[in-house]
1. Please name all residue pairs, on different chains or six or more residues apart, with Cβ atoms under 9 Å, provided the first residue is in the range 57-68 and is free of Cβ contacts under 8 Å to residues at least 12 places away in the same chain and the second residue is surrounded by fewer than 22 Cβ atoms within 10 Å (Cβ to Cβ).
2. For the range 100-110, which residues satisfy the criterion of being surrounded by 14 or more Cβ atoms within 10 Å (Cβ to Cβ), part of a helix (DSSP H, G or I) and of a type outside the set (Phe, Trp, Tyr)?
3. Identify the residue in the range 59-99 that is over 14 Å from the mean Cα position of the chain (by Cα) and part of a helix (DSSP H, G or I) and, among all such residues, is farthest from the ligand (Cβ to nearest atom).
4. For the range 22-35, state whether one or more residues are surrounded by 14 or more Cβ atoms within 10 Å (Cβ to Cβ) and within 12 Å of the chain's Cα centre (by Cα).
5. Just to be sure I understand the filter: pairs with C-beta atoms under 6 Å, separated by 6 or more residues or on different chains, first member in the range 77-105 and within 11 Å of Trp47 (Cβ to Cβ) and modelled with pLDDT of 95 or more, second member of a type in the set (Phe, Trp, Tyr) and buried (at least 16 other Cβ atoms within 10 Å of the Cβ). Which pairs pass?
Amino acid sequence: MLIRYNKNYEKIAMGLLSFNPNEKELQNLLKTINEYDKEQNLQLYLWKEEEGIIGVVGIELNDQEILLHHLSVNPSHRDKGFGKLMVEALLEIYPDNTLSPTETTASFLEKLDLAKETKMEHKNKRPVTI
Ligand SMILES: CC(C)(COP(=O)(O)OP(=O)(O)OC[C@H]1O[C@@H](n2cnc3c(N)ncnc32)[C@H](O)[C@@H]1OP(=O)(O)O)[C@@H](O)C(=O)NCCC(=O)NCCS
């Protein structure tokens, strides 16, 4: 289940965000979590299972576009489909939006091949529509 981030989840969210390639440095991580806290068009969601929070997804909303900045799953829960589930759950929240990757999330989104199921557009490449 996707839940909205709030300050109570700061530590777990930072831990999960730190698996993203650009968030290895503590300074970057602190800046990132602060931006998600303050900027209205930046949204952070956590993925909750019975055993607790195991994933994080961070997006930027611009008009009809969702830019996928961050996506990570706790290493002990990877390769079980949670990454895909999180992206699908996000698209259920924003069904009319186009999902675009950043440089770091592009290869995973391409692997999911969501273009077949929903609207997805690759930045700097030709748009793919349903
Ligand atoms: C990317 C990530 C969120 C995927 O989560 P997950 O729950 O393991 O994803 P799923 O179970 O839905 O899918 C697993 C598949 O994605 C592949 N995959 C994982 N990371 C990938 C990447 N960066 N690019 C392309 N494919 C990737 C796996 O090899 C696996 O492939 P398989 O099904 O052919 O074996 C997870 O690997 C992670 O947290 N990585 C570290 C954070 C990161 O690098 N984020 C940026 C990329 S989104």
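The values are calculated or read from the model by the stated rules, or taken from the named source; none is laboratory data. Remember, predicted model here, so these are calculated numbers, not experimental data. Cβ sites come from the backbone with ideal geometry, for glycine too, and all protein chains shown count toward neighbours.
1. Short answer, once both residue conditions are applied: Asp63/Asn97.
2. Ala106, Leu109, Glu110 - these are the residues of the range 100-110 that are surrounded by 14 or more Cβ atoms within 10 Å (Cβ to Cβ), part of a helix (DSSP H, G or I) and of a type outside the set (Phe, Trp, Tyr).
3. Ser76
4. The answer is no, given that none of the residues of the range 22-35 is surrounded by 14 or more Cβ atoms within 10 Å (Cβ to Cβ) and within 12 Å of the chain's Cα centre (by Cα).
5. Within 6 Å, the pairs are Met86/Trp47.
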